[in-house]
Every structure is written in structure tokens, then in C-alpha cells.
1. Give the residues of region 145-155 that are more than 22 Å from residue 348 (Cβ to Cβ) and either in contact with a helix residue (DSSP H, G or I) (Cβ under 6 Å, 6 or more places away or on another chain) or surrounded by fewer than 22 Cβ atoms within 10 Å (Cβ to Cβ) (or both), sorted by residue number.
2. Just a yes or no: is a residue in region 64-80 more than 26 Å from residue 240 (Cα to Cα) and in contact (Cβ under 8 Å) with a residue 12 or more places away in the chain?
3. List the number of the failed condition for residue 59; all other conditions in (1) touching a strand residue (DSSP E or B) at 6+ places or on another chain (Cβ under 7 Å); (2) over 30 Å from residue 192 (Cβ atoms) hold.
4. Can you tell me how many residues within region 382-422 are buried (at least 17 other Cβ atoms within 10 Å of the Cβ), closer than 19 Å to residue 357 by Cβ and in contact with a helix residue (DSSP H, G or I) (Cβ under 9 Å, 6 or more places away or on another chain)?
5. For region 410-484, which fully contained helices (runs of 4 or more DSSP H) count at least 2 residues that are under 30 Å from residue 86 (Cβ atoms) and in contact (Cβ under 8 Å) with a residue 24 or more places away in the chain?
6. Taking residue 488 as the residue in question, decide whether it is modelled with pLDDT of 85 or more, under 30 Å from residue 399 (Cβ atoms) and either more than 26 Å from the chain's Cα centre (by Cα) or part of a strand (DSSP E or B) (or both).
7. Can you tell me how many residues in region 169-201 are under 22 Å from residue 120 (Cα atoms) and surrounded by fewer than 21 Cβ atoms within 10 Å (Cβ to Cβ)?
8. From 150, 208, which residue is under 25 Å from residue 69 (Cβ atoms) and outside any loop (DSSP other than H, G, I, E, B)?
């Protein structure tokens, strides 16, 4: 499933004092000296690297951007923000924003550093012209889960036209705009073009759908849509207020939980809201199929009734030696009130159970045990799904497929009682989709060993262990900040034989 997070209020980047913002203006931080800044692999849609603002202008200029490429306006200020320290890096205010939410905490690159593409083209549907150009698309990971972030940059420009007016002004058969709007509204809200939806801004619908579509293409489990507002001397306060109201209404309609302002409370700061799930449709993926929320009383009743029950993306928390832990497994199987299986889905072309996957599953088992579940027969299962099926998550992650895997692993475990690890190769999960299933028994001692290893570092009782492999230094985030005294080679350098 894919969850969409939106910021409660547009994240503001204060560039220079103005009469209305002078008391709140701050000096722009230096990413090279700030460990909260996340380095980037920045390139355009064709893979050409971008290292300077001049490169950006030459390789990733938005449509009609040459006319808008001015200091104090969003096109150029976006380039300057992402190259603020002289090297490509996530702006510190956005790093802090992502770090504030458990689903995006410690946002980093999946294998090295996040990939960032300005003016990224995202396919929305199969109609002519069905694409979105995101001001910025960033693909990385947080807590082992793939995360895609898109950013809409603003000074005081509007979030596009009002949906109702835009819809009415593009009738068929000369235009397919109405078909596109109807499809995107259905995917995002699961309803027709009612009065509330007609009053929303089209660019926010377009941006949300594009973010989810990009996440689906890249096999991400979390999608984040951010409005990055640059406070400059050219901003019009009335237009800024209009944008805040438009954003507030859209997030309220998307969440169904009240406006963004009501969820965030008073104040002028930004924060990530969500996660929210959407019905989905077409190229816009929705939430986990056939799931529904349970309140604590209903959950207790279902648990007492026995039988098999699946919990999808449910939060579990505990502590270890005074350190708080939290995790959200993809799926947990409960059988007759006992924790029977944990499923974690990884979209990868690897056939091996990586150590990070094993540790993640062990900690999920620990969280279940600390939450009071009987884990005496708990099996931990990692489902390795080929990357080419990343856009078909709704066909892959279903209660039916989860039950197939659970039953197959349980059958193998019964037949191979002496073994603690099992592998199902080329397991037919759905029509045309074969996966590799790696499973092993939960071991509390193993979980505590891994947690002890982490807490020794967190508590400062041991130093980080330097690697002996130069290729790791070449793509290490810490090394990219030039802070590592044990680096074997500089960041980005090619290892020599």
C-alpha cells in the first residue's frame, strides 16, 4: 500500500527580511556544515548531473522558465535552495520537516544518497498530455521503506485554477480535460465532482495524484507532497493568504478529518500530516486493498473470537534499555489470538534475505512480544518481489496473497521441523507474478543482540566501526559531509583495484 503525507501548512523558507516577516526571518543554513542536510544525486530527467544553478538553468528549466528565472521568484529560488551549500543537498528546512514524522524520519538514500530530479515528468494517465512536471522529485528511504517526495515551489503563485471552472471551460470532444479530472477525483477522493471538490485547486489534485503515481512506479510505500514557499520581498500577502486557505481546504478534503488548520492547531509552523490513503485508480495507486480500520474495542472482540486476522500497517511500540522503539510491519497475522506471522514486502531484484531485512523483522517480533502477544510460534517472512511489479502493488499485497504465503510457509515449516529457515523460490503469488519467500523463526535472543549492538552506539558506549571496503566510503552520506576521519577514499570517488 502507499500512504500519502501532506504538510499541514506550506513549509516556509525565509530568504530575506521583509516588512511583514522581518521579526521571523532567519539566516539560511550552510548544508555543508549542518549534519541535518541530506546530500543528493541531483540530475535532470535524462540523467545529466546538475552541480550549479547555471547547470539547473541549462538542463532543467521549467516551461517558459526563462521568462520567470528571476531572483525572488520560485523557479530560480528552488534551484538556489537545493544548491544552497555549493553542493546538491536537501534544504535543511525540508530535511527537518521529513525528520519530524515517523514514516519519513531519517530520510536517506536507499543504497547511497537520495536521487533528485527537478522538473520530473510523471505520467498520470493514458490520455494525451497526461503528465505532471513536478518542481522536484526525490526518491529515498526511511526506516527501510522506500519513500518518494515531490515538491511544489511557490512564492505567491496560485495552486492552479479552481477545479470546477477548469472542468467547465474544457468540454469534450475537443478536450480530454474533463475525463482526466474525473479520473483523478475518483482516484483521490472516491467520489464525483461535488461542490466541495469543484472549489479545490487543480494543481493540488494534480500534484497529489502525481506524487502517488511516482511512488507506485518506484515501489515506494510512502509518498509525500510538500509545498515549499519562499518568503521574498516580491511576495504579496493577500496571495499568500489565499494559498494557505486553498491548501487548508484541499488537505481537509483529502483527509476527511477536518481542515489542515484544525488538525495542526494554532501557529505558523509546518508539519507533516497523515498518513492518508486514497481509493486509487488508473496510474494512481490506492491504499491496501480490502482493509478497514478497527477501534480498540472491536479489535479486542475480533481477537477473542479467534481464527485468523491480518493487521495491515499497524503501529507497534516498546522500549529497549530505555530507548523507545516503534515499527509498522506491512502485515501481521494473528491466529487464535497469537502472533503467527509477520510479512514484509521488498520490491527488489535480489534473491537474498539481506541482513537489514532480517534485523527489521526480528525487531518487529520483539515489538509484538513486548506488546503482549504470544510469539512462541511466530514466523518472520520477507517477500522479495521483482522490481518490475512495483507498479502492481495492489495485485501483490492482498489478503488472498498473504494467506497463500502464510499457508505455504506453515506447510514447509511442518515438514521441515528441524530447520529454522525456509525458502520458497518462484512462488506464484498472482497471475504472472512469481516471488521469492524467505522465512525464519522469531528468536528473542537474536533480536536483543541486534538491539544491544544499536544501543551501544546510541548511548555512546562504542564508536562506529569503520568499514574496510572503499566502495562503501564512496557512497557514504557521512563521508559526503567530509566529517569522517576513517574514510578510505573521498565520497563519489571510484574504488581502485
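The values are calculated or read from the model by the stated rules, or taken from the named source; none is laboratory data. Bear in mind the structure is a predicted one, so any value in this text is a computation, not a measurement. When we count neighbours, we look across all protein chains shown, and the Cβ atoms used for this are built from the backbone with ideal geometry, even at glycine.
1. 150, 152, 153, 154, 155
2. So far as region 64-80 goes, no, none of its residues is more than 26 Å from residue 240 (Cα to Cα) and in contact (Cβ under 8 Å) with a residue 12 or more places away in the chain.
3. Checking residue 59 against (1) touching a strand residue (DSSP E or B) at 6+ places or on another chain (Cβ under 7 Å); (2) over 30 Å from residue 192 (Cβ atoms), the one that fails is (1).
4. Residues in region 382-422 being buried (at least 17 other Cβ atoms within 10 Å of the Cβ), closer than 19 Å to residue 357 by Cβ and in contact with a helix residue (DSSP H, G or I) (Cβ under 9 Å, 6 or more places away or on another chain): 10 in total.
5. 470-474, 477-480
6. Working: modelled with pLDDT of 85 or more: yes; under 30 Å from residue 399 (Cβ atoms): no; either more than 26 Å from the chain's Cα centre (by Cα) or part of a strand (DSSP E or B) (or both): yes.
Considered against the rule, which asks whether it is modelled with pLDDT of 85 or more, under 30 Å from residue 399 (Cβ atoms) and either more than 26 Å from the chain's Cα centre (by Cα) or part of a strand (DSSP E or B) (or both), residue 488 comes out as no.
7. Qualifying residue count, region 169-201: 1.
8. Details: 208 fails: under 25 Å from residue 69 (Cβ atoms).
When all the criteria are applied, what remains is 150.
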